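Each remark here refers to the structure printed beneath this line.
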2 protein chains.
Amino acid sequence: MCGTEHATHISKRSSSASTALEAKENGIKKKPSSESVINLDHGDPTMFESYWWRMGDKCTITIPGWQSLSYFSDVGNLCWFLEPELANEIRRLHCFVGNAAVENRHIVVGTGSTQLFQAALYALSPPDAPAPVNVVAAAPYYSSYPAMTDYLRSGLYRWAGDAYAFDKDEPYIELVTSPNNPDGFTREAVVLNRGGGKLVHDLVYYWPQYTPITSPADHDLMLFTVSKSTGHAGTRIGWALVKDKEVAKKMTKFIELNTIGVSKDSQLRAAKILQVVSDSCRHSGSGCESENFFEYGRRIMTERWEQLRDVISHKDLFRLPEYPLEFCKFAGEFTEAHPAFAWLKSKEEIEDCERFLKGYKILTRSGKHFGVDTKHVRVSMLDREDTFHLLLERLSAMQGHEREE
Amino acid sequence: MCGTEHATHISKRSSSASTALEAKENGIKKKPSSESVINLDHGDPTMFESYWWRMGDKCTITIPGWQSLSYFSDVGNLCWFLEPELANEIRRLHCFVGNAAVENRHIVVGTGSTQLFQAALYALSPPDAPAPVNVVAAAPYYSSYPAMTDYLRSGLYRWAGDAYAFDKDEPYIELVTSPNNPDGFTREAVVLNRGGGKLVHDLVYYWPQYTPITSPADHDLMLFTVSKSTGHAGTRIGWALVKDKEVAKKMTKFIELNTIGVSKDSQLRAAKILQVVSDSCRHSGSGCESENFFEYGRRIMTERWEQLRDVISHKDLFRLPEYPLEFCKFAGEFTEAHPAFAWLKSKEEIEDCERFLKGYKILTRSGKHFGVDTKHVRVSMLDREDTFHLLLERLSAMQGHEREE
């Protein structure tokens, strides 16, 4: 195949300023049919595309060829590969939203929060311990934690399972995911600290579209990502807010050894996106052009949860968690959580809920991956509108016991 | 600091189409003075900025806010996070340059070749072996290999040092870096295969600006990166060409667990850059606008090596390697290598060459990090023009024994 220009200009998408119209056409092409299998196994946040289409060029970035050749972004900074404008926009957005304390914190940027999770384990593990440190999280826990902890069979850390069951008198790292993935509940650490425990707070869903913002989180090590805050999962940008300088240094070292820094292009893009989101927070009202990003997110998530609860309530097949009303300081009102995932529990007669739903061409993730039973499944609430409506249709069409009104 | 818009619009760089003039001004700002410490410890490829400035808008990409929200790029592909147009441009460029066989290869994209190196170790390590597999490379070897192999104390693989000294009857992975970092020589595997050996070919410098392209490399697992081919290190995009489907799958799994894919923004940018480079290969001549990227690179590297050899030859302080003339099929002529690093060896009276050069405000990397002695240092040849000229000036000013002509 060499010697001919077989691949010349096969695609020009990256070089041309694509239009919102093209995007909508792409969206239409991807529209699932009534026969399609719908994949709600992943938390792919494509729901947010519709907001960004409406923003048009407000969020467009242009990167010339000579930009970002160097490995270095800010040689004077502890995190030498962090673009200063991303750091500024991260601080600014947290200030607007009020979801995390940023003062006297080091920011470490990562290739998504996944890389930062591993950087945190590396930084918090004693380097010379005779045995790997125990890594625990309260069940149901994020299904990727066990594999992300153990895939390299590290001598520094090892997955030790459900934090509720951890009773060893050994050093440990507890992962506190709040709101929790998969079930959406607000969480605190559960292991009673016997002196050797360290905490990683995975707060990637602590944003107003998912949960009431009750106060700025103020923990030693907190993880966030644009994937869940703005929906830009393909950009692979996460950040950690870290109190302790030495921990931040070790996390930076991990990322240096793992990937020699983080894409500058995506950092610059994330900076622009966060800037537009912060700017939108200054607008009130729900006019098409100026809608506050989080108000948009809250509106869609509230609608989806109402629709889902309505469909579920008419069948005697599944139960959904109930969330308390809490005062959201960002919204200025009492709200309940509208999590990124529905944590469905099947009633008695369905033993394997994932398999049951697969029979209706709905792919979900079984509770067994989250450290609990197969009566539970996690269902993404963040897919595109068409897919979500297919989910509602298929749930409506199931042969359950019609509940007596 | 929260509550006020302290950070509003501190920088607009990412949102505006910066001009080549601004870039030049930035370059001028960064110009080192005669008092500056010059850092040639890293292989930061800023030399290539001047080419990309001259290309102007040819290589500019524009990314609208609604693009690349999904984690997925190509769900039907083994490497599901690989952007199809990047795959096309990678194949097209290798075809033009003739430096690697691409037929019947799987492409796995990574956050730089560093991530792919680790993905390769993960994929090639027996999952159930009682002891970690030995990872070896012939000294002098790339200084980051030991740390990148051992920082997580993996139970799958461990650094086992110089491949020349490896004589265990145990499974091993040999890293073959060709042209070699630090010394620029063409290499082949050195461990005699006793059945349990696997090879990773790190070919990130196998491009015409550095070395004669004698034939398309045709190995099981080959690593490349834009950092060294086009100079875009900040983009963090590398790729692996992999023969075996199961190995490519396991590498993909590693990257899924490590970072859930690779920045789409940077992949799209890399695709555009490679496209422009391939397009430039169709032009001959050295006209400013149409210059072939690799001819440009060869010209600059040849000039720099001539200047460096000239300065070194007038002092009796250092020696440089000599490279054989070989026929470069890309250039259509006999050429010698002009590596990305100068591998300097000091004469007898200088025991610690790194320390000696530091006395002249030249930071380099000692041979001890490459598995050899402190009489050697590695010096980057890829910095900006001003920095390179300061290197020449400082080497010229040293109190050596003037060689008799």
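Points to keep in mind about this one:
- Every test in (1) assigned to a helix (DSSP H, G or I); (2) more than 8 Å from chain B (Cβ to nearest Cβ); (3) in contact (Cβ under 8 Å) with a residue 24 or more places away in the chain is passed by A:Glu306 save one, and that test is (3).
- Of all the residues in region B:328-346, those that are loosely packed, with under 13 Cβ neighbours inside 10 Å and either in a loop (DSSP other than H, G, I, E, B) or touching a strand residue (DSSP E or B) at 6+ places or on another chain (Cβ under 7 Å) (or both) number 2.
- Within region A:367-390, residues that are closer than 12 Å to A:Ser346 by Cβ and in the same structural domain as A:His42 (by TED's automatic domain parsing) have Cβ atoms under 7 Å from residues that are of a type in the set (D, E, K, R) and part of a loop (DSSP other than H, G, I, E, B) in these pairs: A:Gly367/A:Asp373; A:Gly367/A:Lys375; A:Thr374/A:Glu351; A:Thr374/A:Asp352; A:Lys375/A:Glu351, counting only partners at least 6 apart in sequence or on another chain.
- Within region B:78-103, the set of residues being more than 25 Å from B:Thr259 (Cβ to Cβ) and more than 10 Å from chain A (Cβ to nearest Cβ) comprises B:Asn99 only.
- On inspection, B:Val204 fails the criterion of being assigned to a loop (DSSP other than H, G, I, E, B) and more than 21 Å from the chain's Cα centre (by Cα).
- Among residues that are touching an Asp or Glu at 6+ places or on another chain (Cβ under 7 Å) and either of a type outside the set (Gly, Ala, Ser) or under 30 Å from A:Gly65 (Cβ atoms) (or both), B:Ala217 is not included.
- Selection of region A:29-53 for residues being more than 8 Å from chain B (Cβ to nearest Cβ) and in a loop (DSSP other than H, G, I, E, B) yields A:Lys30, A:Lys31, A:Pro32, A:Ser33, A:Ser34, A:Glu35, A:Ser36, A:Val37, A:Leu40, A:Asp41, A:Gly43.
- Residue tally, condition more than 20 Å from A:Pro126 (Cα to Cα), surrounded by 15 or more Cβ atoms within 10 Å (Cβ to Cβ) and not hydrophobic (A, V, I, L, M, F, W, C), over region A:166-206: 13
- Selection status of A:Asn39, modelled with pLDDT of 95 or more and in the same structural domain as A:Gly112 (by TED's automatic domain parsing): no
- Matching residues, region B:319-346, being of a type in the set (Asp, Glu) and closer than 19 Å to B:Lys375 by Cα: B:Glu322
- Pair list, Cβ under 8 Å, 6 or more apart: region A:27-55 residue closer than 21 Å to A:Leu363 by Cα, other residue modelled with pLDDT under 90: A:Ile38/A:Pro32
- Only one entry of B:Glu188, B:Glu174 meets the criterion of being out of contact with any Asp or Glu (no Cβ under 9 Å at 6 or more places or on another chain), of a type outside the set (Val, Ile, Thr) and part of a strand (DSSP E or B), and that entry is B:Glu174.
- A:Ser34 buried (at least 21 other Cβ atoms within 10 Å of the Cβ) and at pLDDT below 95: no
- Selection status of B:Val226, in contact (Cβ under 8 Å) with a residue 24 or more places away in the chain and either away from every other protein chain (no Cβ under 14 Å) or more than 17 Å from the chain's Cα centre (by Cα) (or both): no
- Within region A:367-381, tally of residues that are surrounded by 21 or more Cβ atoms within 10 Å (Cβ to Cβ) and assigned to a helix (DSSP H, G or I): 3
- In the set A:Leu241, A:Leu274, only one residue is within 14 Å of another protein chain (Cβ to nearest Cβ), of a type in the set (A, V, I, L, M, F, W, C), assigned to a helix (DSSP H, G or I) and surrounded by 24 or more Cβ atoms within 10 Å (Cβ to Cβ); that residue is A:Leu274.
- For region A:56-66, the set of residues classified as touching a residue at least 60 places away in the same chain (Cβ under 8 Å) and crowded, with 22+ Cβ neighbours inside 10 Å consists of A:Cys59, A:Ile61, A:Ile63, listed by residue number.
- Per-region count, region A:352-366, residues touching an Asp or Glu at 6+ places or on another chain (Cβ under 9 Å), surrounded by fewer than 23 Cβ atoms within 10 Å (Cβ to Cβ) and part of a loop (DSSP other than H, G, I, E, B): 1
- In region B:54-77, residue nearest to the other protein chains (Cβ to nearest Cβ) [restricted to those that are modelled with pLDDT of 95 or more and over 23 Å from A:Leu40 (Cβ atoms)]: B:Gly65
- Only residues that are in contact with a helix residue (DSSP H, G or I) (Cβ under 8 Å, 6 or more places away or on another chain), among the polar types (S, T, N, Q) and assigned by TED's automatic domain parsing to the domain that holds A:Trp207 were counted in region A:69-122, giving 6.
- B:Ser263 falls short on exactly one of the conditions (1) at pLDDT 95 or above; (2) surrounded by fewer than 20 Cβ atoms within 10 Å (Cβ to Cβ), and that condition is (2).
- Hits in region B:212-235 (condition: out of contact with any strand residue (DSSP E or B) (no Cβ under 8 Å at 6 or more places or on another chain), outside any helix (DSSP H, G or I) and buried (at least 24 other Cβ atoms within 10 Å of the Cβ)): B:Thr230, B:Gly231, B:His232
- Residue within region A:282-293 that is facing chain B (nearest Cβ under 10 Å) and within 24 Å of A:Glu83 (Cβ to Cβ) present: yes
- Residue within region A:64-82 that is under 23 Å from A:Val247 (Cα atoms) and part of a strand (DSSP E or B) present: no
The values are calculated or read from the model by the stated rules, or taken from the named source; none is laboratory data. Note that this is a predicted model, so its numbers are computed, not measured. Every residue, glycine among them, receives a Cβ derived from its backbone with ideal geometry; neighbour counts consider all protein chains shown.
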